[in-house]
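*Asks:* Here it is: the structure, laid out below.
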Amino acid sequence: MTYNDLCRFTVVLAVFVAVGIKAAANVVVVKNDDDLLPLDGLDVRSVGVINIGAEADNTFSEYCGRYTFVKSVSVKSGADDAAVANACNSLKHCDVVVAGVYSAEPWAVNALDDVAGVFPDVAGVFFMPERNISGIEPAAMLKAVVIAGGKSRQDMVMGAEAVFGGMSICGRLSADIAGLARKGCGVDVAKSRLGYCSPQDAGFKPGLERVIDSIVKVNIDRKSFPGCQVLVAKNGNIVLEKAYGTLDYAPGSPKVKLSTLYDVASMTKATASMAGLMAAYDKGLFKLDAKISDYIPALKDTDKKGITVRELLYHKSGLPSTINTYKLMADSNSYSGKLISYRRMEPYTVKLDKNVYGNRKARMRSDVTRRKGSRDFPIEIAKGIYGGDSLRKLVMETIYSQNLGKKTYRYSCLNFCLLMQMEENVTGVPHVFRPLGAWYAGFRPSTYYNMSDIAPTERDNFMRKQLLRGYVHDEIAAYSGGVQGNAGLFSNAGDLAKLCQTWLNGGVYGGERLFNTQTVKLFATSHDKQSNRGLGFDRATRTKSLSRIAGLPESTYGHTGFTGTCFWVDPENEIIFILLCNRVCPSRDNKAYNELLPRAALLNAVYENLK
């Protein structure tokens, strides 16, 4: 199969831009009043993009949208004042407007003049040679002026990077711009966020993309998963970010996009939960060797009162791996005999896993769930199934009552359920993703996004009786209302990369400090001698299939997810690797995924292709 064949097969939504030193020098920031650039405060500042002389959905808007949520509009060639006013009105709620200017014709100059008169904070990005800007008088009214040079895809990507800090800028004007700046002028802007470059420029061999394409194709062909997202970053730049395949196997299923949301499952533990815990640790709200019962009063009179926070993070608490949510949620009056059987026979005909079958007569409890939402049951935990405080309380009390075993290593979702309860008790529920400009990452996505933007997971034929889409797959998290410490986060790969890069940066991203450097170092490097597992993180080389990868440092940390997902952060080589997929669609009994081991194959390709 040729490379062109692979490109036709895959959903290619990113072009890898060779942003070398020479190309970056061609970008000039002529003006930057009040240090508007790179834009900060992305958690509280709404951003609009107005394209003067180009379509709204162009490369520039696309890449701006990778840094934060943006509303994009267009003022097309020859637009009159009414058209410009209409476009401005669409952005009236935006705190800052980025104007992409693609023409120096009189109508475009008038349009920019109107935009500058309406909005106080406007950054203009001019996709044209320096000499063309001299006649654009409204440029002097803008708070920031960026000259990106031309209208190529590369120019548009660099224009977005310039606005959001994706690259360092030190370019200088090669000629005077009347009314704006003189030859030799330019403002330096430091790199503060992930940028984009080619794999070769980041130190990879030219064949990296081809190898990853081929591995993904084999997995899709053999139904290891219907589609996925793969992201590779190095040295602070994304070198590969692609979407492949479809959301599921249904005929006509939509193609996966870079914005598609995946249920990341247990990756929640090491992303959302860990980030919140790090922030709380920075504030001195808990100590690692303190007892969890100091923060969860309900545990004070139980055998769990002596468990420490550190033991929970190392999975050495003595708690069982999980709770039996089938037994917890089944109405005992709806069936007779056993609930579960390990061989198929009447009435045990609902397949739950390999050689595990549920009683087909079992129904979900109606005392803690409802088929319609109400004041006491406000949260839709699956389509047409609602829960509330009573259901979450039932889940947590069940966890509190579990028998405690020996304090040796045993991976347990319950550890992170308790850690999240502690975090909520001491801090509330912080959202660590918004300051990063990560607007896709979050819990309960069915509340905010169209179902067509979310990849489905497993078809639950037992309790929830539906294909789960937009509702968390994990039962503990689902019955907790969709938000739990062990699972529940949905995201795309791009947003997760922002958090990973924050850790690589020592806790800083976009010029904002989210975590203390020593806190990041503590959590990222500490590991238990018995299990070799990290402090909340897993360690890549601890996994047998990954331990054989040549060049993979022992310091690499991250986590996997039951739905087939993973992320790994290599601080020695400054590499981020993320795979998001839905291998449980439509069933967790997926032989192909277990045989092909795509997480290991793809990560191995990354290190095999390092120069």
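*Asks:* If I model a spin label as a point 7 Å beyond the Cα along the Cα-Cβ vector, how far apart are those points for Asp34 and Arg210 in nm?
*Replies:* Between Asp34 and Arg210, the label points sit 5.1 nm apart.
*Asks:* Further question: Using only C-alpha positions, report the orientation-averaged shadow area of the convex hull of the stretch 198-280, nm², one decimal.
*Replies:* On the way: hull surface 28.3 nm².
Computed as one quarter of the Cα hull surface, the answer is 7.1 nm².
*Asks:* Further question: Please work out the FRET efficiency for the pair Arg548 and Asn333, using the Cβ-Cβ distance as r and a Förster radius of 56 Å; give the result to the nearest 0.05. Each step should come with its number before you reach the end.
*Replies:* Details: r = 52 Å, r/R0 = 0.93.
Between Arg548 and Asn333 the formula returns 0.60.
*Asks:* Within the accessible area of the chain, what % is carbon and sulfur when the probe is 1.4 Å and the other protein chains stay in place?
*Replies:* Details: 11970 of 24430 Å².
About 49 percent, which is the carbon plus sulfur part of the accessible surface.
*Asks:* Under the rule of at least 5 residues apart or a separate chain, name every residue whose amide H is placed under 5 Å from the amide H of Thr563.
*Replies:* Here the answer is Ser266, since their amide H atoms fall under 5 Å of that of Thr563.
*Asks:* Roughly how many Å is it from the Cα centre of the stretch 281-323 to that of the stretch 223-242, as a whole number?
*Replies:* Taking the Cα centre of each part, the stretch 281-323 and the stretch 223-242 sit 36 Å apart.
*Asks:* Based solely on C-alpha atoms, express the radius of gyration and the Dmax of the chain in angstrom.
*Replies:* Every Cα atom of the chain included, Rg and Dmax give 25.9, 87 Å.
*Asks:* Further, regarding this structure: Go through the stretch 236-245 residue by residue and turn each phi into a ³J(HN,Hα) via Karplus (6.51, -1.76, 1.60, θ = phi - 60°); whole Hz please, and just put x for glycine and proline.
*Replies:* Per residue, the Karplus-derived 3J(HN,Hα) values read x, 10, 6, 9, 8, 8, 9, 10, 10, x Hz.
*Asks:* State the extension gain, in nm to one decimal, for the chain segment bounded by Thr525 and Thr408, taking 0.36 nm per residue of separation less the distance between their alpha-carbons.
*Replies:* Details: separation 117, 0.36 × 117 = 42.12 nm, distance 2.04 nm.
Here the segment from Thr525 to Thr408 would lengthen by 40.1 nm.
*Asks:* Which value results when the Cα radius of gyration for the stretch 276-412 is divided by 2.2 N^0.38 Å?
*Replies:* Values: Rg = 18.7 Å, N = 137, 2.2 N^0.38 = 14.3 Å.
For the stretch 276-412, the normalised Cα radius of gyration is 1.31.
*Asks:* When a/c is below 1.5 the answer is rounded, else prolate if a/b is larger than b/c, else oblate, so apply that to the stretch 242-332 with a ≥ b ≥ c taken from the square roots of the Cα gyration tensor eigenvalues.
*Replies:* Details: a/c = 3.62, a/b = 1.69, b/c = 2.14.
Oblate, since a/c reaches 1.5 and b/c is not below a/b.
*Asks:* Another one. So how do 141-149, 397-405 stack up, highest first, on mean other-Cβ count within 10 Å?
*Replies:* On the way: 141-149: 24.7, 397-405: 14.3.
Top of the packing list down: 141-149, 397-405.
*Asks:* Between the stretch 120-186 and the stretch 29-90, what's the alpha-carbon centroid distance in Å?
*Replies:* Taking the Cα centre of each part, the stretch 120-186 and the stretch 29-90 sit 14 Å apart.
*Asks:* Please list 3J(HN,Hα) in residue order for the stretch 585-599, calculated via the Karplus relation 6.51 cos²θ - 1.76 cosθ + 1.60 where θ = phi - 60°; whole Hz, with x for glycine and proline.
*Replies:* The phi angles translate into 8, x, 9, 6, 7, 10, 5, 4, 4, 5, 7, 7, 6, x, 4 Hz.
*Asks:* Another question, then. Angle check, please: helix 413-427 long axis (alpha carbons) against the longest principal axis of the chain (alpha carbons), in degrees 0 to 90, nearest 10.
*Replies:* Value to nearest ten degrees: 60.
*Asks:* Per residue, how large is the accessible surface of the chain? Use a 1.4 angstrom probe and give square angstrom.
*Replies:* On the way: 24430 Å² over 611 residues.
Computed with neighbouring chains in place, this is 40 Å² per residue.
*Asks:* Follow-up. Using a 7 Å offset from the Cα along the Cα-to-Cβ direction at both Asp176 and Val118, what is the distance between the two label points in nm, to one decimal?
*Replies:* It is 3.4 nm.
*Asks:* Considering only the other residues whose Cβ falls under 11 Å of the Cβ of Leu489, what net charge follows from Lys and Arg at +1 and Asp and Glu at -1? It would help to have the intermediate numbers written out before the result.
*Replies:* Details: positive: Lys269, Arg444; negative: Asp263, Asp474, Asp495.
Around Leu489, the charge tally is -1.
*Asks:* Related question: Once you've got the Cα coordinates, tell me which of Lys372/Lys465; Lys304/Lys393; Lys223/Lys257; Lys269/Lys316; Lys151/Lys217; Lys338/Lys383 are over 22 Å apart. Numbers along the way, then the final one.
*Replies:* Details: Lys372/Lys465 16 Å; Lys304/Lys393 18 Å; Lys223/Lys257 19 Å; Lys269/Lys316 15 Å; Lys151/Lys217 33 Å; Lys338/Lys383 27 Å.
From the list (Lys372/Lys465; Lys304/Lys393; Lys223/Lys257; Lys269/Lys316; Lys151/Lys217; Lys338/Lys383), the Cα-Cα distance tops 22 Å for Lys151/Lys217; Lys338/Lys383.
*Asks:* Per-residue counts of other Cβ atoms within 10 Å, averaged by peptide: what ranking do you get for 538-548, 601-611, 563-573, highest first?
*Replies:* Details: 538-548: 17.5, 601-611: 19.3, 563-573: 22.7.
Per-residue mean Cβ counts within 10 Å order the peptides as 563-573, 601-611, 538-548.
*Asks:* State whether the stretch 391-531 is rounded, prolate or oblate according to the following rule on the C-alpha gyration tensor (a ≥ b ≥ c being the square roots of its eigenvalues): a/c under 1.5 gives rounded; otherwise a/b larger than b/c gives prolate, and the remaining case gives oblate.
*Replies:* Numbers: a/c = 1.94, a/b = 1.12, b/c = 1.73.
Because a/c hits 1.5 or more and a/b fails to exceed b/c, the stretch 391-531 counts as oblate.
*Asks:* May I ask which residue of Ala290, Ala233, Tyr244 lies farthest towards the positive end of the charge dipole of the stretch 231-320, with charges of +1 (Lys, Arg) and -1 (Asp, Glu) on Cβ and the Cα centre as origin?
*Replies:* Towards the positive end, the residue furthest out is Ala233.
*Asks:* Could I have the simple spin-label model distance between Glu346 and Tyr249, label points 7 Å from Cα toward Cβ, reported in nm to one decimal?
*Replies:* So the label points at Glu346 and Tyr249 sit 2.9 nm apart.
*Asks:* Diagonalise the Cα gyration tensor of the stretch 69-191 and give the resulting equivalent ellipsoid semi-axes, square root of 5 times each eigenvalue, largest first, whole Å.
*Replies:* Values: eigenvalues 102, 59, 34 Å².
In descending order the semi-axes read 23, 17, 13 Å.
*Asks:* If you count the DSSP beta bridges with both ends in the chain, what percent of them are antiparallel, to the nearest 5?
*Replies:* The answer is about 70 percent antiparallel.
The values are calculated or read from the model by the stated rules, or taken from the named source; none is laboratory data. Quantities reported herein were computed from a predicted structural model and do not represent experimental measurements. Don't worry about glycine lacking a Cβ; one is built from the backbone with ideal geometry, like all the others, and counts go over all protein chains shown. With ligands, DNA and RNA removed, areas are computed over all heavy atoms of the protein, side chains included. Shrake-Rupley method; radii C 1.70, N 1.55, O 1.52, S 1.80 Å.
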